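These notes concern the structure reproduced below.
The values are calculated or read from the model by the stated rules, or taken from the named source; none is laboratory data. Remember, it's a predicted structure, so these values are computed and weren't measured experimentally. Because the Cβ atoms are built from the backbone with ideal geometry, glycine has one as well, and the counts that use them run over all protein chains shown. These area figures cover heavy atoms from the full protein model, side chains too; ligands, DNA and RNA do not enter into them. Shrake-Rupley method; radii C 1.70, N 1.55, O 1.52, S 1.80 Å.
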Amino acid sequence: MRRKELEVVVLAEDLPEEGLTKGMVGTIVHIHEQPYLAYMVEFVDDQGRTIAMPDLLPEQIADFSL
């Protein structure tokens, strides 16, 4: 499934080196197409401050649902 910029997604695995845990909600802020498909996802704290903005592979994110 091809995702879009500003789409809200959920982290599908822990990323301890980034301080992120599975289930955290983030927003796609950039899509990389080369050398492979990847999504830069911004994760923020309760005050809206950026925690991390890792580049993630499609299998590392999942759909957000309420």
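Shown in residue order for the stretch 54-64 are the 3J(HN,Hα) couplings computed by the Karplus curve 6.51 cos²θ - 1.76 cosθ + 1.60 at θ = phi - 60°: x, 8, 10, 6, x, 6, 8, 10, 9, 5, 8 Hz (x for Gly and Pro). Note that the stretch 9-14 has calculated 3J(HN,Hα) couplings of 9, 10, 5, 8, 7, 5 Hz, one per residue in order, obtained from phi through the Karplus relation 6.51 cos²θ - 1.76 cosθ + 1.60 (θ = phi - 60°); glycine and proline are x. Averaged per residue, the chain has 67 square angstrom of accessible surface, using a 1.4 angstrom probe with ligands and nucleic acids left out. If you wrap the tightest convex hull around every Cα atom of the chain and split its volume per residue, you get 86 Å³.
Measure off, as a whole percent, the carbon and sulfur share of the 1.4 Å-probe accessible area of the chain, all protein chains present.
Numbers: 2320 of 4410 Å².
Ligands and nucleic acids excluded, carbon and sulfur give 53 percent.
Working from label points 7 Å from Cα in the Cα-to-Cβ sense, the residue 4 to residue 29 distance is 2.0 nm.
What you get for the stretch 11-66, charging only the Cβ of Lys and Arg (+1) and of Asp and Glu (-1), is a dipole of about 120 debye around the Cα centre. Ordering 66, 52, 20 by Cα displacement along the dipole of the chain toward the positive end leaves 66 in first place; charges were set at the Cβ atoms of Lys, Arg (+1) and Asp, Glu (-1). Scanning residues 5 or more positions from residue 13 or on other chains, those with amide H under 5 Å from its amide H are 23, with H placed 1.01 Å from N in the peptide plane.
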